[in-house]
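Trainee: Handing you this structure, nothing more for now.
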């Protein structure tokens, strides 16, 4: 007969417990919208729970191999953009790795900092942004450069062309707050750049900055704000919506064409500012939106609920570009595909699934999926950019053979707005999803 003996059993393990006996556990702070505020840098997207283990290797890395890689990357980036031809000596005697800028006589000429390898809570349009900043011997910013991010390339080029980085040149790292002008059409990105720089200087304040500079930098911060010109942009866009909402002026073909050209040139090529599904989900991801984006979003949502999706039907410049291309195609008597296999209902459902997949991927941290829109690439002509070539092919070749194919099959923004619009009418959404052939599928 086999017996089992327990030596010194823990009696507490056998005592009955009520639910109330267990200590109450607070809900996690790291859900859909992070409640963690950090150092007052409030641009945060979905975050993973931080490891509570204190690293012996400072903020730059988690181990010796990562430190070496981070040093090497800092050296490459720092030397690549050095504005004055100085040498860069990478140091690791502070919580934040840094570079010392020296001239040919090895005289100190300033510092170089970047946030590659650092924990960055500040988020832009598509996640965190890596920056490098060159500081002169007097403690002024010599140059600010963008190193890496998942932001839309056309928006990054727009920011650089607008001279946004030049506004930082000469700012002193003193106990002072500075304001710079944000770039319309890339507001979230430019605001995030200012907050990222503030966070980087804050992390390096005690060491190495205060060791090399004669004054404290504890209060240094930079914020980017839109100038009042955004009000003009909002009024123009509001007028475009109002034209299609009003009932007094007849909307003949000539007026519709003029309004379409205005949208194409103003919102498209000048502002290059599209309303996308990302604008809708930013508030749920903890990302602030500008006043201009809020007004724009309000007009789009009102049009979706009240006027059967005004934006997609009449205002979206990318949809207008496709329709203009179709008119040229009809004039030239080109042949369309008459045997396209997908019906309106199939494309409606596939487009919804695409939107759901994109939103799920973004929620899981796939920030590159935020750029799934051809709008910014098409309206920022760059012959070397493959996505500009793709967008051009969609407008000039594909959409004229299958009218508005992007809008009807691939546009996640249109999927969400159409879903909202259809949900306002009892039975309409059910017919589109579950009935046979749908009637009158909308397109941009």
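Trainee: Quickly run through the range 211-242 and pick out the residues that are in a helix (DSSP H, G or I) and in contact (Cβ under 8 Å) with a residue 60 or more places away in the chain. Can you show your working first?
Mentor: Let us first name the residues in the range 211-242 that are in a helix (DSSP H, G or I), namely 211-212, 229-242.
If the condition is that a residue be in a helix (DSSP H, G or I) and in contact (Cβ under 8 Å) with a residue 60 or more places away in the chain, then 211, 212, 230, 234, 237, 238, 240, 241 are the ones that fit.
Trainee: Among the numbered criteria (1) over 24 Å from residue 421 (Cα atoms); (2) modelled with pLDDT of 85 or more; (3) out of contact with any strand residue (DSSP E or B) (no Cβ under 7 Å at 6 or more places or on another chain), which one does residue 191 miss?
Mentor: Checking residue 191 against (1) over 24 Å from residue 421 (Cα atoms); (2) modelled with pLDDT of 85 or more; (3) out of contact with any strand residue (DSSP E or B) (no Cβ under 7 Å at 6 or more places or on another chain), the one that fails is (3).
Trainee: Further question: Return yes or no: is residue 384 out of contact with any helix residue (DSSP H, G or I) (no Cβ under 8 Å at 6 or more places or on another chain), more than 25 Å from residue 327 (Cβ to Cβ), without any contact (Cβ under 8 Å) to a residue 12 or more places away in the chain and not in a helix (DSSP H, G or I)?
Mentor: Working: out of contact with any helix residue (DSSP H, G or I) (no Cβ under 8 Å at 6 or more places or on another chain): yes; more than 25 Å from residue 327 (Cβ to Cβ): yes; without any contact (Cβ under 8 Å) to a residue 12 or more places away in the chain: yes; not in a helix (DSSP H, G or I): yes.
Yes, satisfied.
Trainee: Do we find that residue 368 is modelled with pLDDT under 85, over 20 Å from residue 310 (Cα atoms) and part of a helix (DSSP H, G or I) in this structure? So that I can check it myself, show each step before the final result.
Mentor: Numbers: modelled with pLDDT under 85: yes; over 20 Å from residue 310 (Cα atoms): yes; part of a helix (DSSP H, G or I): yes.
So residue 368 fits the description; yes.
Trainee: Mind telling me which of the residues 256, 251 ends up being in contact with a helix residue (DSSP H, G or I) (Cβ under 9 Å, 6 or more places away or on another chain), surrounded by fewer than 16 Cβ atoms within 10 Å (Cβ to Cβ) and without any contact (Cβ under 8 Å) to a residue 24 or more places away in the chain?
Mentor: Working: 256 fails: without any contact (Cβ under 8 Å) to a residue 24 or more places away in the chain.
Answer to the check: 251.
Trainee: Something else: I'm told residue 235 meets every condition in (1) at pLDDT 90 or above; (2) in contact with a helix residue (DSSP H, G or I) (Cβ under 9 Å, 6 or more places away or on another chain) except one. Can you identify the failing condition by its number?
Mentor: Result: residue 235 passes all but (2).
Trainee: Is there a residue being in contact with a helix residue (DSSP H, G or I) (Cβ under 6 Å, 6 or more places away or on another chain), outside any loop (DSSP other than H, G, I, E, B) and at pLDDT 85 or above anywhere in the range 201-210? Walk me through how you get there before you give the answer.
Mentor: Just the residues of the range 201-210 that are in contact with a helix residue (DSSP H, G or I) (Cβ under 6 Å, 6 or more places away or on another chain), to begin with: none.
Scanning the range 201-210, I find no residue that is in contact with a helix residue (DSSP H, G or I) (Cβ under 6 Å, 6 or more places away or on another chain), outside any loop (DSSP other than H, G, I, E, B) and at pLDDT 85 or above, so the answer is no.
Trainee: Read through the list (1) loosely packed, with under 15 Cβ neighbours inside 10 Å; (2) over 22 Å from residue 391 (Cβ atoms), then give the number of the only condition that residue 243 fails.
Mentor: If we test residue 243 against (1) loosely packed, with under 15 Cβ neighbours inside 10 Å; (2) over 22 Å from residue 391 (Cβ atoms), just (1) comes out false.
Trainee: Which one of 407, 411 is touching a helix residue (DSSP H, G or I) at 6+ places or on another chain (Cβ under 6 Å), closer than 26 Å to residue 278 by Cα and modelled with pLDDT of 75 or more? Spell out how you get there, then give the answer.
Mentor: Values: 411 fails: touching a helix residue (DSSP H, G or I) at 6+ places or on another chain (Cβ under 6 Å).
Answer to the check: 407.
The values are calculated or read from the model by the stated rules, or taken from the named source; none is laboratory data. Computed from a predicted model, the values in this text were never measured in an experiment. For neighbour counting, all protein chains shown are included, and Cβ atoms are generated from backbone atoms with ideal geometry for every residue, glycine included.
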